[in-house]
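Structure first, then comments.
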Amino acid sequence: MRRLLDNLYASALWASALCLAAIALLVGAQLAGRLLDGALSLAGLPRTDFVILSLDEICGYLLAGASFLALAGTLKAGAHIRVTMVLAALSETVRRYVEIWAFGFAAATCGYITYQLVYFSWVSLRFHEVSPGVVRVPLVIPQAAMAFGALMLTVALVDELAVVITRGRPTFRGAEDAITLGKEG
């Protein structure tokens, strides 16, 4: 089960990276087209007027997908911003109970958010909602990516809750300790 979950978190991180790479490629292609047009204008040649239609919308959808898909993997790696100064001042026993409460509350909240995002995606699918731009993107695609990312975060929070209950320390504490001691990498 551990390997399955870790592979799932890693796959979501890779999907997030692919979304970011797609943004870079699309923006790079648009920029190359503008540079080409500028060079052609300087040479007195006709412009290509290369444009990627609805680029801002598509990149926004990709960014939303990348952000949500990266949540679980970054939590497991200890890269989320947390209030560790307060936790470091607590004894290990008290810290364990605070982390159990925090993970439980976060998992419940994220579970509710996941439910709402899945419902939101279902409604978009049911009513065939599309983006208002020139390129009519079915809204269920970015919404489903967000819902899947939220689901992965919910699973990761429940996973961490189980780890803290059974082992006493979240899995990312090692990474946090390395950062605190300056031995990250």
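Residue by residue through region 89-129, note down the ones that are closer than 21 Å to Gly149 by Cα and of a type in the set (Val, Ile, Thr).
Thr109, Ile113, Thr114, Val118, Val123
Can you tell me which residue within region 38-87, out of those that are of a type in the set (Lys, Arg) and part of a loop (DSSP other than H, G, I, E, B), is surrounded by the fewest Cβ atoms within 10 Å (Cβ to Cβ)?
Arg47
Could you tell me whether Val123 is touching a residue at least 24 places away in the same chain (Cβ under 8 Å), of a type in the set (A, V, I, L, M, F, W, C), more than 24 Å from Leu5 (Cβ to Cβ) and touching an Asp or Glu at 6+ places or on another chain (Cβ under 9 Å)?
Answer is no for this residue.
Considering only residues that are under 25 Å from the mean Cα position of the chain (by Cα) and acidic (Asp, Glu), which ones fall in region 18-59?
The answer is Asp56, Glu57.
Confirm whether Arg47 is charged (D, E, K, R), free of Cβ contacts under 8 Å to residues at least 24 places away in the same chain, farther than 24 Å from Gly133 by Cα and out of contact with any strand residue (DSSP E or B) (no Cβ under 7 Å at 6 or more places or on another chain).
Taking the combined requirement at face value, the residue satisfies it.
For a quick check of your reading: which helices (runs of 4 or more DSSP H) sit entirely within region 92-181 and have at least 2 residues that are surrounded by 15 or more Cβ atoms within 10 Å (Cβ to Cβ) and β-branched (Val, Ile, Thr)?
It comes to 92-126, 140-167.
Answer yes or no: is there a residue in region 69-85 that is among the β-branched types (Val, Ile, Thr) and more than 27 Å from Ala21 (Cα to Cα).
yes
Read-outs throughout are calculated quantities, based only on the coordinates presented, and are distinct from any laboratory measurement. Just so you know, these numbers come straight off a predicted model, no measurement behind them. Glycine also receives a Cβ, built like all others from the backbone with ideal geometry; neighbour counts cover every protein chain displayed.
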